[in-house]
Every structure is written in C-alpha cells, then in structure tokens.
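The values are calculated or read from the model by the stated rules, or taken from the named source; none is laboratory data. Just so it is clear, the structure is predicted and the values come from calculations on it, not from any experiment. Don't worry about glycine lacking a Cβ; one is built from the backbone with ideal geometry, like all the others, and counts go over all protein chains shown. Note: accessible area is taken over every heavy atom of the protein model, side chains too, but ligands, DNA and RNA are not part of it. Shrake-Rupley method; radii C 1.70, N 1.55, O 1.52, S 1.80 Å.
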Amino acid sequence: QVQLVESGGGLVQAGGSLRLSCAASGRTFRLCTMGWFRQARGKEREFVAAINWSGANTYYADSVKGRFTISRDNAKNTVALQMNSLKSEDTAVYYCAAARSSTWYGAVSGYDYWGQGTQVTVSS
C-alpha cells in the first residue's frame with residue numbers, strides 16, 4: 001500500500017515556474033514507477049510525466065517536454081515535478097500516482113495509487 005500527498009500548487013503568471021512535490025508513505029515506494037497526471041475542467045485526466053523506480057528513465061508528454069522535469073528521491077520517499085515556462089493551458093488539477101509496474105506508465109489505468117490532487121492555475 002502506498003499513500004500519496006501532493007503539495008506545491010498555486011496561482012502563477014504565464015511564463016513562471018512552480019514545483020510540485022509528492023510525499024509517499026509505504027515500504028514499496030522505491031519499487032514503484034511514479035507519474036504525474038493532470039485534469040483540466042471538463043477534460044479527461046492526461047499523462048504528464050513518469051519516472052521509473054531508480055530514476056534512470058523519465059518520460060514526458062509532448063506538450064510538456066522541455067519545460068517540465070520529473071525527479072525522485074527514494075531516500076526521502078518523494079517525487080517532484082518542476083514546471084517552467086508555464087502556459088495557460090497547463091491549468092489543471094495535478095495528481096501524483098504510483099504504479100507497481102512500469103509497462104503502462106502513460107495510462108491512467110497503469111497506476112495503482114493516487115494522491116488527492118493539487119490545483120495549478122496559470123494566468124495569462
């Protein structure tokens with residue numbers, strides 16, 4: 001069992017930066033693929049970024065590639081999402097998720113545990 005709590009969301013102007021953090025509890029965290037997803041109002045939840053258990057492999061949606069960076073610290077049971085050059089279209093609730101398998105890292109269905117989400121609002 002893994003429990004996830006996100007923090008770091010807020011209101012930022014376009015072009016600005018935010019850093020989201022996800023604190024995890026549970027002994028199996030360091031074995032999990034970790035992902036960030038987002039859901040804008042009226043839209044489906046979509047993949048943003050993922051990182052494998054060791055941190056050696058990272059994956060990004062095309063829409064955030066080059067602007068967002070995912071990282072993890074297994075000693076502290078945390079995963080972070082650094083978001084730079086934010087755009088209004090990045091406005092959404094951002095969710096941290098953990099998967100026991102890395103096979104479907106880009107799919108909502110590939111994850112076993114979810115946080116409650118944190119709101120990110122980018123004003124233009």
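Listed values, structure above:
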| item | result |
| --- | --- |
| Linear extension gain, Q3 paired with A107, 0.36 nm per residue minus alpha-carbon span | 35.5 nm |
| K65 accessible area, 1.4 Å probe, all protein chains in place, Å² to nearest 10 | 120 Å² |
| Largest-first ordering by accessible area, 1.4 Å probe, given options S124, S109 | S124, S109 |
| Relative contact order for the chain, counting Cα pairs under 8 Å that sit 6 or more residues apart, in percent | 35 percent |
| Cα centre as origin, Lys/Arg/Asp/Glu Cβ charges: the chain dipole, Debye | 180 debye |
| Share of carbon and sulfur in the accessible heavy-atom surface of the chain [1.4 Å probe, %] | 48 percent |
| Solvent exposure ordering (accessible area, 1.4 Å, most first) of R38, R27, R100, R72 | R27, R100, R72, R38 |
| Straight-distance crosslink candidates among lysines, where the alpha carbon sits under 27 Å from K87 and sequence neighbours closer than 8 are dropped | K43, K65 |
| Descending semi-axes in Å of the chain, equivalent ellipsoid built from Cα gyration tensor | 23, 14, 13 |
| The range 1-74: relative contact order in percent, alpha carbon pairs under 8 Å with at least 6 residues between | 22 percent |
| Listed residue (S17, G66, N77) projecting farthest to the positive dipole end of the range 11-79, Cβ model | N77 |
